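Every number in this text was worked out from the coordinates using simple rules, so none of it is lab data. Bear in mind that the values here come from a model prediction, so they are computed numbers and not experimental data. Cβ coordinates were reconstructed from backbone atoms using ideal geometry, including for glycine residues, and neighbour counts include every protein chain displayed.
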Amino acid sequence: MIQQILPDLDLNELREFPNLQKSHLKLHAQAVSEGQAEGERTKARDAILEVIAPRFNPPLASYRHIDAVLDTIDSTERLSALFTAALSAATFAEFEAGISE
């Protein structure tokens, strides 16, 4: 995987300095992990929007407001709870009230 990031010359130079290589690998792993987590959050936000649009057919302004609020949420657990709320809320107003909590 590291070969995909660094050209051969840089990779060979990096191998000459094990501490730098370890640091690079650690940073790379962290970046990959953060990217995966952001991907999961984006997927969860999209799923919520895909549920509320056909279920409640909210006005465009309300839909955009919910979209903006979801963009501020970084917790996948919170997004998961909101997905469940989108599925179980009886009305759009009920879902909106739950998103503000």
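Apply the Karplus parameterisation 6.51 cos²θ - 1.76 cosθ + 1.60, with θ equal to phi minus 60°, to every residue of the range 64-70 and state each ³J(HN,Hα) to the nearest whole Hz, in sequence, with x for glycine and proline.
5, 4, 4, 4, 5, 5, 4
Starting from the 7 Å offset along Cα-to-Cβ, what nm value, one decimal, do you get for the label separation of Leu49 and Thr91?
With each label placed 7 Å out from Cα toward Cβ, I get 2.6 nm.
Within 10 Å of each candidate Cβ there may be at most 13 other Cβ atoms; applying that plus a DSSP loop requirement, which chymotrypsin sites (Phe, Trp or Tyr not before Pro) in the range 22-101 survive?
none
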